[in-house]
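A.B. asks: Mind looking over this structure? Questions follow.
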C-alpha cells in the first residue's frame, strides 16, 4: 500500500500510466486535500488527466483515507515547523500512521518521509520500477522524460540523462538475467 501526494497522480495520469500504481501497490490512499487537487480541481478545469483519476476512484483502488482530528492537528504543526504545505504534512503523517510507503515528488517531503523511516517513491523511481518489473518499456520512460521532464519537472539535461542511464542499466540487467 502507498499513500500518494497529488503530483504523482496527476503526472502519471498525464502520460497514461496511472494504472502502474495499481500494478505496483494494489491500493493507493490519499487524503481529502489530495483528492481535491488531483480530481476535483482537475474536473473543474476540464483537465483530461482527471478522468483517469476519477476512474481509479470508481474502481476503488484509489481511495480517500480520512486523516482524523489528531493527525490533522499534528499535520498543522509539522507543516508550520518544516515549511511544507498542510496537504503534504497530512500525506506524510498518513503514510506513517498506515505504515505505508510514500509517493511524493517534492524533495523536502521525500527527505522528511525518509527521516520517518518510510520507503519513498517519486514519479521517476516508480517509472523505473515499472520498467524493472516489465510493466513498462524503455520507450515509456523516454516518453515520460520528453513529456513530463521538460514541462512539469524542469529536468535539466544531466537529470534526464541520469534517469535514462538508470533505465538502460535496468534493461541490460533484464537481458542478462
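The values are calculated or read from the model by the stated rules, or taken from the named source; none is laboratory data. Remember, it's a predicted structure, so these values are computed and weren't measured experimentally. In this analysis, Cβ positions are derived from the backbone assuming ideal geometry, glycine residues included, and neighbour counts consider all displayed protein chains.
A.B. asks: Give me a count of the residues in segment 154-177 that are in contact with a helix residue (DSSP H, G or I) (Cβ under 8 Å, 6 or more places away or on another chain), closer than 22 Å to residue 103 by Cβ and at pLDDT below 90.
C.D. replies: Residues in segment 154-177 being in contact with a helix residue (DSSP H, G or I) (Cβ under 8 Å, 6 or more places away or on another chain), closer than 22 Å to residue 103 by Cβ and at pLDDT below 90: 3 in total.
A.B. asks: Of everything in segment 1-33 that's in contact with a strand residue (DSSP E or B) (Cβ under 7 Å, 6 or more places away or on another chain) and part of a helix (DSSP H, G or I), which residue is nearest to residue 75 (Cα to Cα)?
C.D. replies: Filtering first and then ranking leaves 32.
A.B. asks: Okay, next question. Mind checking whether some residue in segment 1-20 is over 26 Å from residue 130 (Cα atoms), buried (at least 22 other Cβ atoms within 10 Å of the Cβ) and outside the structural domain of residue 142 (by TED's automatic domain parsing)?
C.D. replies: Here is the first cut: in segment 1-20, the residues over 26 Å from residue 130 (Cα atoms) are none.
No, every residue in segment 1-20 fails to be over 26 Å from residue 130 (Cα atoms), buried (at least 22 other Cβ atoms within 10 Å of the Cβ) and outside the structural domain of residue 142 (by TED's automatic domain parsing).
A.B. asks: Restrict the check to segment 75-83 and report whether at least one residue is in contact (Cβ under 8 Å) with a residue 24 or more places away in the chain, closer than 25 Å to residue 25 by Cα and crowded, with 17+ Cβ neighbours inside 10 Å.
C.D. replies: no
A.B. asks: When both residues are 6+ apart or on different chains and their Cβ atoms are under 6 Å apart, which pairs have a first residue that lies in segment 96-114 and is outside the structural domain of residue 148 (by TED's automatic domain parsing), and a second that is surrounded by fewer than 18 Cβ atoms within 10 Å (Cβ to Cβ) and assigned to a strand (DSSP E or B)?
C.D. replies: none
A.B. asks: Exactly one condition in (1) within 16 Å of the chain's Cα centre (by Cα); (2) part of a loop (DSSP other than H, G, I, E, B) is false for residue 47; which is it?
C.D. replies: Failed condition: (1).
A.B. asks: Consider residue 72 against the criteria (1) surrounded by 14 or more Cβ atoms within 10 Å (Cβ to Cβ); (2) in contact with a strand residue (DSSP E or B) (Cβ under 9 Å, 6 or more places away or on another chain); (3) farther than 18 Å from residue 105 by Cα: it satisfies all of them except one. Which criterion is unmet?
C.D. replies: With respect to (1) surrounded by 14 or more Cβ atoms within 10 Å (Cβ to Cβ); (2) in contact with a strand residue (DSSP E or B) (Cβ under 9 Å, 6 or more places away or on another chain); (3) farther than 18 Å from residue 105 by Cα, residue 72 is out only on (2).
A.B. asks: Moving to a separate point now. From 80, 33, 69, which residue is more than 17 Å from residue 123 (Cα to Cα) and in contact with a helix residue (DSSP H, G or I) (Cβ under 8 Å, 6 or more places away or on another chain)?
C.D. replies: Result of the check over 80, 33, 69: 33.
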